[in-house]
Amino acid sequence: TCSKKFSEAVNFMNRIIYSYPDRKVILATHDIWESSEIRNQVIKRHDNIVLTNAGHICREKHFIENGPGGGVSNNFVVDYQCDKTEIMLLRFYVFKPLEDKVFFYTYSPITNEFEVDESSQGSFDLVQSDPF
């Protein structure tokens, strides 16, 4: 059944993430906004998830979740398939590991322009609590 497969997927994700407490984790999944299971059963249980990226709903949304020991997960819901202007928006991230920083941008290759509103571009620090 779907519920059993979902539980198995959540257990698999948690096992892998728990296996590498000293690594920064980027989690890509279908939905983290309308369904709270991934947020509650995965993201909030780990301090080393630093970024999640999902789609599912036609919007740009950025929210933060905290792990049990103070880790910070920057979570993005980005789905441009409902773009009625058909300018093929793309979200991309630039990682600066020596600075522990990530920059994010929204770009259209059709118009050759960046969106400049707060939900379309910005930056955040990679914050991971000490696993030891």
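The values are calculated or read from the model by the stated rules, or taken from the named source; none is laboratory data. Computed from a predicted model, the values in this text were never measured in an experiment. With ideal geometry, Cβ positions are generated from the backbone for all residues, glycine too; neighbour counts draw on all protein chains shown. Heads up: the accessible areas ignore ligands, DNA and RNA and are worked out on the full protein's heavy atoms, side chains in. Shrake-Rupley method; radii C 1.70, N 1.55, O 1.52, S 1.80 Å.
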Task: Residue list for the stretch 1-35, filter: under 14 Å from the mean Cα position of the chain (by Cα) and either of a type in the set (A, V, I, L, M, F, W, C) or open to solvent by less than 80 Å² (accessible area, probe 1.4 Å) (or both) - done: Val25, Ile26, Leu27, Ala28, Thr29, Asp31, Ile32, Trp33
Task: Lone unmet requirement of (1) free of Cβ contacts under 8 Å to residues at least 60 places away in the same chain; (2) out of contact with any Leu (no Cβ under 8 Å at 6 or more places or on another chain) for Pro21 - done: (1)
Task: Test: Ile57 is within 20 Å of Phe124 (Cβ to Cβ) and within 15 Å of the chain's Cα centre (by Cα) - done: no
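Could we say that Thr111 is open to solvent by 80 Å² or more (accessible area, probe 1.4 Å) and either of a type in the set (S, T, N, Q) or not in a strand (DSSP E or B) (or both) here?
Working: open to solvent by 80 Å² or more (accessible area, probe 1.4 Å): no; either of a type in the set (S, T, N, Q) or not in a strand (DSSP E or B) (or both): yes.
So Thr111 fails the test.
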